[in-house]
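Engineer: Take this structure, written in structure tokens, and hold onto it; I'll ask about it next.
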Amino acid sequence: MTDGAGPKVADSAIARLIERVGTDAPLGVFDSGLGGLTVVRAMRERLPNEDIIYLGDNARVPYGTRSPETIVRYALGCARELSSRGVKAIIVACNTVSAVALDRLRAELDLPVTGVIIPGARAATRASGEAPVGVLGTLGTISSGAYTRAVASFSSRTEVLGQAAPLLVALAEEGWTEGEVPRLVVRKYLDSFFGPEVVEGFGLPRASKVGCVVLGCTHFPLFRELIEREVREIGGRGIPVVDSARETASDVEAFLNERGMRSRRDEAGRLELLVTDKPRSFEAVASRFLGGAVGGVDLVDLKPE
Ligand code: DGL
């Protein structure tokens with residue numbers, strides 16, 4: 001089962017869906033919080049005339065530390081909410097949900113559902129050559145082994161080294177992405193991607209065990225520059241840092257084109273933001289993820305599953 005382009009929905013089901021909602025219907029995107037806005041940003045660049053409804057379940061963030069059963073339950077709640085608003089496809093802008101709940105969402109919904117892991121793994125396999133791929137993700141994503149399987153589907157020779165980095169989710173939702181605290185957290189998490197110090201205490205470059213570092217959580221692009229800097233600092237040279245946002249957006253574009261589901265409108269698509277909680281810092285943090293000003297935001301109460 002893939003989570004990238006071409007979710008397996010029969011042509012007849014697509015025809016029924018389009019008859020019901022029309023090709024101008026919005027795309028539904030969700031994440032546990034605001035991280036998925038990094039995917040929305042890439043989608044708006046790639047598909048400027050599509051309407052998007054984004055749902056951030058920030059009342060229940062983080063998902064990454066929860067059990068698979070709970071992640072599935074939360075994900076179903078988000079997907080059903082979007083489906084009830086007449087979306088034409090759902091993009092799971094969350095690695096944790098893509099890793100754990102994608103099959104279930106596909107089984108339950110009459111909609112194409114696509115995730116971020118296959119696109120991320122494809123970009124990483126390309127960037128890494130045949131060196132191992134280093135993945136920073138949530139506990140849920142890393143322990144699911146989803147990246148290992150996804151990378152293996154592109155290259156049987158490429159290994160995956162996973163590192164759970166749960167504190168980065170909290171720091172990102174908090175907007176705390178600069179300064180000594182995030183730097184030390186990033187450094188600690190990157191440690192397992194490097195060999196031992198040659199001579200202890202001398203600060204000499206350490207050998208890298210990985211050919212690239214994947215931001216395997218949609219909250220982590222906010223730390224991209226910091227991660228790039230720390231990778232250079234530890235290893236004495238740069239290593240590609242990849243995220244799945246652009247690759248996901250181009251998969252969504254290809255899928256919509258193939259299935260005749262692109263909006264035919266010329267004007268710019270609208271973005272509707274829904275959240276399950278609205279902390280005071282919401283607008284400032286959301287605009288950093290989105291890379292621009294945030295318009296109106298609505299609070300929603302998800303129905304109990
Ligand atoms: N942004 C999400 C991901 O890509 C989830 C973070 C979390 O809620 O733990 O995995």
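The values are calculated or read from the model by the stated rules, or taken from the named source; none is laboratory data. Since this is a predicted model, take the numbers as computed values, not measurements. Virtual Cβ from ideal backbone geometry, glycine too; neighbours counted across all protein chains shown. Calculation scope for accessible area: heavy atoms of the full protein, side chains included, ligands and nucleic acids excluded. Shrake-Rupley method; radii C 1.70, N 1.55, O 1.52, S 1.80 Å.
Engineer: Give, in nm to one decimal, the length gained when the segment between residue 85 and residue 59 is fully stretched (0.36 nm per residue of separation minus the Cα-Cα distance).
Structural biologist: That pair, residue 85 and residue 59, stretches by 7.4 nm at full extension.
Engineer: Considering the Cα trace of the range 130-234, what is its radius of gyration and what is Dmax, both in angstroms?
Structural biologist: Cα radius of gyration and Dmax of the range 130-234 are 14.0, 41 Å respectively.
Engineer: A further question on this structure: Full-extension gain between residue 277 and residue 167, please, as 0.36 nm times their residue separation minus the C-alpha to C-alpha distance. Could the numbers behind the result be given before it?
Structural biologist: On the way: separation 110, 0.36 × 110 = 39.60 nm, distance 2.01 nm.
Working it through step by step, the gained length comes to 37.6 nm.
Engineer: Sticking with this structure for a sec: Once you order the gyration tensor axes a ≥ b ≥ c over the Cα atoms, which shape class does the chain get: rounded for a/c under 1.5, otherwise prolate or oblate by comparing a/b with b/c? Please list the in-between numbers first.
Structural biologist: Values: a/c = 1.94, a/b = 1.56, b/c = 1.24.
Note, shape of the chain comes out prolate.
Engineer: Per residue of the range 29-34, what does 6.51 cos²θ - 1.76 cosθ + 1.60 with θ = phi - 60° give for ³J(HN,Hα)? Whole Hz please, x for Gly and Pro, Karplus curve as stated.
Structural biologist: Couplings: 10, 9, 8, 5, x, 9 Hz.
Engineer: Assuming R0 = 41 Å, can you tell me the calculated FRET efficiency for the pair residue 107 and residue 174, based on Cβ-Cβ distance, to the nearest 0.05?
Structural biologist: On the way: r = 35 Å, r/R0 = 0.86.
The pair residue 107/residue 174 has a calculated efficiency of 0.70.
Engineer: Hey, got a sec? Which GluC sites (Glu not before Pro) in the range 193-237 land in a DSSP loop and have at most 14 other Cβ atoms within 10 Å? Before the final figure, lay out each step's value.
Structural biologist: Details: sites: 197, 200, 225, 228, 230, 233; in loops: 197, 200.
For GluC sites (Glu not before Pro) across the range 193-237 that sit outside H, G, I, E and B with at most 14 neighbouring Cβ atoms in 10 Å, the list reads 197, 200.
Engineer: Now for a different question. Among the lysines, which fall within straight-line cross-link reach of residue 303, defined as a Cα-Cα distance under 22 Å, with same-chain neighbours fewer than 8 residues apart omitted?
Structural biologist: 88, 278
Engineer: Give the peptides 67-80, 208-221 in descending order of average Cβ contacts within 10 Å, highest first. Walk me through the numbers on the way to the answer.
Structural biologist: Details: 67-80: 19.1, 208-221: 26.8.
Per-residue mean Cβ counts within 10 Å order the peptides as 208-221, 67-80.
Engineer: I would also like to ask the following. For the chain, what is the accessible area per residue in Å², given a 1.4 Å probe and the full set of protein chains?
Structural biologist: Numbers: 13370 Å² over 305 residues.
That works out to 44 Å² for each residue.
Engineer: Compute the Cα gyration tensor for the range 195-292, then decide on rounded, prolate or oblate, letting a ≥ b ≥ c be the square roots of its eigenvalues: rounded whenever a/c is under 1.5, prolate when a/b is larger than b/c in the other cases, and oblate in all that remain. Working shown, then result.
Structural biologist: On the way: a/c = 3.91, a/b = 1.87, b/c = 2.08.
Oblate shape, in that a/c is at least 1.5 and b/c is the bigger or equal ratio.
Engineer: For the chain, what is the mean residue ellipticity at 222 nm derived from helices alone (per DSSP H run of n ≥ 4: -39500 (n - 2.57); sum divided by total residues; nearest 500 deg cm²/dmol)? Mind showing how you got there, number by number?
Structural biologist: Numbers: 13 runs with 132 residues, N = 305.
Helices in the chain give a 222 nm mean residue ellipticity of -13000 deg cm²/dmol.
Engineer: Give me the distance in nm between label points sitting 7 Å out from Cα along the Cα-to-Cβ direction at residue 153 and residue 297, one decimal.
Structural biologist: In this crude spin-label approximation the distance works out to 3.4 nm.
Engineer: Sticking with this structure for a sec: Please label the shape of the range 131-176 as rounded, prolate or oblate, based on the square roots a ≥ b ≥ c of the eigenvalues of the alpha-carbon gyration tensor (a/c under 1.5 means rounded; beyond that, a/b larger than b/c means prolate, else oblate). Show your work: numbers first, answer last.
Structural biologist: Numbers: a/c = 3.38, a/b = 2.56, b/c = 1.32.
Here the range 131-176 falls in the prolate category.
Engineer: Picking from 232, 44, 280, which is most flexible by a Gaussian network model of the chain using Cα springs under 10 Å?
Structural biologist: Judging by the Gaussian network model, the answer is 280.
Engineer: Report the rotationally averaged projected area of the range 102-184 based on its alpha-carbon convex hull, in square nanometres.
Structural biologist: On the way: hull surface 28.4 nm².
Answer in nm², one decimal: 7.1.
Engineer: Now a separate question. Please give the contour-minus-distance gain from residue 258 to residue 20: 0.36 nm per residue of separation, less the Cα-Cα distance, rounded to one decimal in nm.
Structural biologist: Length gained between residue 258 and residue 20: 83.8 nm.
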